[in-house]
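Q: Okay, handing you the structure first.
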Amino acid sequence: MGYTITEKIFSAHLKGKKVKADEFVYASVDLALGNDITAPIAIDQFKKIGIGKVFNRKKVVLVPDHFIPAKDIKSAQQAKVLREFAAEQKIVHYYEVGRMGIEHALLPELGIIEPGKLIIGADSHTCTYGALSAFATGVGSTDLAAVWATGYCWFKVPKTIKFIYRGKFKKWVCGKDIILYTIGKIGVDGALYKAMEFTGQVIKSLSMDERLTMANMAIEAGGKSGIIAPDEKTFEYLKTVNAKRYKGKSGQKQFISDMKRWKSFYSDADAEYETVVEINVSDIEPQVALPHLPSNTKAVGKVKKMRVDQVVIGSCTNGRISDLRIAAKILKGKKVHPKVRCIVFPATQAIYLEALKEGLLEIFINAEAVVSTPTCGPCLGGHMGILAEGERAVATTNRNFVGRMGHKNSEVVLSSPAVAAASAITGYISHPDAV
Amino acid sequence: MKIKGKAWKFGNNINTDEIIAARYLNTFDAKELGSHCMEDINKEFPKKISKGDIIVAGKNFGCGSSREHAPIAIKGCGISCVIAESFARIFYRNAINIGLPILISQDAPRHIKEKNIIEINAIDGVINDLTQKKTYSTDKFADFMQEIVNSGGLLNWIRKKGLAKR
């Protein structure tokens, strides 16, 4: 029997020991990430271990992005804890306001995620990096502290559910619709403790941005990770984000050697899967997830007139440049409905700058949307767009739990950037064709 | 170790936003977090419970965010143990890592009623519903996990094993 890509990544972090699903392992970790909410606890725990220095200052990542720019004094204090720890430990990957972005959009664009890496993060959406063929999973703060102290983490190697996507997208359908549809099909615990491996012709044709969106939401099906095998698009992406490293003749040589290593991470034809789920995307309409679970999905056309107070376009799920391009395409020359607040937040500074250069920000502002600084703020009901009692938002984010974006009697409907932008114009949940 | 308390029932897919809303994540003080535990789905829950009470829930308890604030809040408000049909993965790790007792049982959550008095023997994993006079067994932890539980959490386990060295 062969191995899944996930089993191969674990085996590569166990000094050559080959492992299969369900085995408990103590594996070496390549990157260990925390943010301004989770890292302060990790730092507190780390100090209790009493060993002074982190295992490797180049493998620790700290991104203050959740309540940052600081929304209140307590949040400022938490950010200060990170800042001081980063300075004291000489952390290489610490990103301050002005350089930071939403962690899961930032790390891939920095070029520090690559196929075969084993990454943990004290943030549940760490699974995003599976789009770049890494095994990446969310953990809590104490786990993070333990990795900082030891360089290792314990895992149960997950079984894998293989998803095969076939068919052709209808107009406006994108990666977000497919992952919402998948979660709707298997439920919020449908992949509990499992790796979700996304395969098939449809995945091959998806852009890296859309792949990141899909892997990002694996956790919303309970998945331990979402993963996509590396292909030409992966290599092209890594070449672009690491343009400096791969410049010139010696750079080219380095790229070829790196690519050879990346290519060794794929699932064997006879790998063992727990189940295989086949999905034909040809019949799928743009999706929404109605309150209060990401699995509560419906084709947008089947939603009865539902008023919208706020539209949020951004987040680690859909705040990348291609998401902003789609939203801008729909909002161009139009106005946000007078009763709607539309908030666009590019996920990183680089995305913000690119959107600026492409004229997207001008389109948003002319449409009377507001463009915010990169932050996780509104997505988790932190700041920069909290909902009042009885209000409803359409958001390109990843969760629509009770009170997620504000008051416990407010609602969040999840959608793609296209549906969100269309809804901003009409004032109710709308198919992009409606505008 | 014996745990005894009143049961507080919750349904399926109780997520970490419901356990502790993000608006309180600018601190990790256990008492403060505890005072807001579950408030969006069961108003004044922390005031209603007595120290030592037990949460009894359905499937996928603790799904959503990785915030360790969730088990800290549960512990902080005085809950002594969570029994559920299943736990979301990160919450499960976090609870074990910080030493919040959790038990998996298929039957207990389906039969135990709110405010029943429950007694748990955490060593052999037996749940006694003293009100309904019924006994339930629980899923055993894997040996590896039991080792962490026995050590009193992850940091103690690391210390005991001498894994953090420079």
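Q: Report, by residue number, each residue of segment A:365-389 that is more than 13 Å from chain B (Cβ to nearest Cβ), part of a loop (DSSP other than H, G, I, E, B) and not hydroxyl-bearing (Ser, Thr, Tyr).
A: Of everything in segment A:365-389, those that are more than 13 Å from chain B (Cβ to nearest Cβ), part of a loop (DSSP other than H, G, I, E, B) and not hydroxyl-bearing (Ser, Thr, Tyr) turn out to be A:Ala367, A:Glu368, A:Ala369, A:Pro374, A:Ala388.
Q: Also, I was wondering about something else. Being within 14 Å of chain B (Cβ to nearest Cβ) and of a type in the set (A, V, I, L, M, F, W, C) narrows it down to one residue among A:Cys153, A:Cys174; which is it?
A: Being within 14 Å of chain B (Cβ to nearest Cβ) and of a type in the set (A, V, I, L, M, F, W, C) holds for just one of A:Cys153, A:Cys174, which is A:Cys153.
Q: Filter segment A:105-142 for residues that are away from chain B (no Cβ under 14 Å), under 13 Å from the mean Cα position of the chain (by Cα) and open to solvent by 10 Å² or more (accessible area, probe 1.4 Å) and give the result.
A: Residue satisfying the conditions is A:Glu109 alone.
Okay, residues lined up against (1) among the acidic types (Asp, Glu); (2) at pLDDT below 95; (3) farther than 30 Å from B:Thr16 by Cβ; (4) over 15 Å from the mean Cα position of the chain (by Cα):
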{"position": "A:Ile179", "(1), (2), (3), (4)": "no, no, no, no"}
{"position": "A:Glu197", "(1), (2), (3), (4)": "yes, no, no, yes"}
{"position": "A:Lys204", "(1), (2), (3), (4)": "no, no, yes, yes"}
{"position": "A:Asp209", "(1), (2), (3), (4)": "yes, no, no, no"}
{"position": "A:Thr213", "(1), (2), (3), (4)": "no, no, no, no"}
{"position": "A:Glu220", "(1), (2), (3), (4)": "yes, no, no, no"}
{"position": "A:Ala229", "(1), (2), (3), (4)": "no, no, yes, yes"}
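Q: Mind listing whichever residues of segment B:125-166 are within 13 Å of chain A (Cβ to nearest Cβ), free of Cβ contacts under 8 Å to residues at least 24 places away in the same chain, not in a helix (DSSP H, G or I) and not hydrophobic (A, V, I, L, M, F, W, C)?
A: Result: B:Gly162, B:Lys165, B:Arg166.
Q: Continuing with the same structure: Enumerate the strands (runs of 3 or more DSSP E) found wholly within segment A:277-324, keeping only those where 2 or more residues are surrounded by fewer than 24 Cβ atoms within 10 Å (Cβ to Cβ).
A: Counting at least 2 such residues, we get A:297-299.
Q: List the helices (runs of 4 or more DSSP H) inside segment A:150-246, counting only whole elements, that have at least 3 residues being of a type in the set (A, V, I, L, M, F, W, C), touching a residue at least 24 places away in the same chain (Cβ under 8 Å) and crowded, with 24+ Cβ neighbours inside 10 Å.
A: Ranges flagged: A:175-186, A:208-216.
Q: Every residue in segment B:115-124 that is part of a loop (DSSP other than H, G, I, E, B) and charged (D, E, K, R), please.
A: B:Lys115, B:Asp124
Q: With the requirement that a residue be of a type in the set (Val, Ile, Thr) and under 30 Å from B:Glu18 (Cα atoms), what does segment A:273-292 give you?
A: A:Val288
Q: So for segment A:391-398 (the condition being surrounded by fewer than 23 Cβ atoms within 10 Å (Cβ to Cβ) and in contact with an Asp or Glu (Cβ under 9 Å, 6 or more places away or on another chain)), does at least one residue qualify?
A: Yes, segment A:391-398 contains at least one residue that is surrounded by fewer than 23 Cβ atoms within 10 Å (Cβ to Cβ) and in contact with an Asp or Glu (Cβ under 9 Å, 6 or more places away or on another chain).
The values are calculated or read from the model by the stated rules, or taken from the named source; none is laboratory data. Just so it is clear, the structure is predicted and the values come from calculations on it, not from any experiment. Note: ideal-geometry Cβ built from the backbone for every residue, glycine included; neighbour counts use all protein chains shown. Remember, those area values only see protein heavy atoms, side chains included, never the ligands or the DNA or RNA. Shrake-Rupley method; radii C 1.70, N 1.55, O 1.52, S 1.80 Å.
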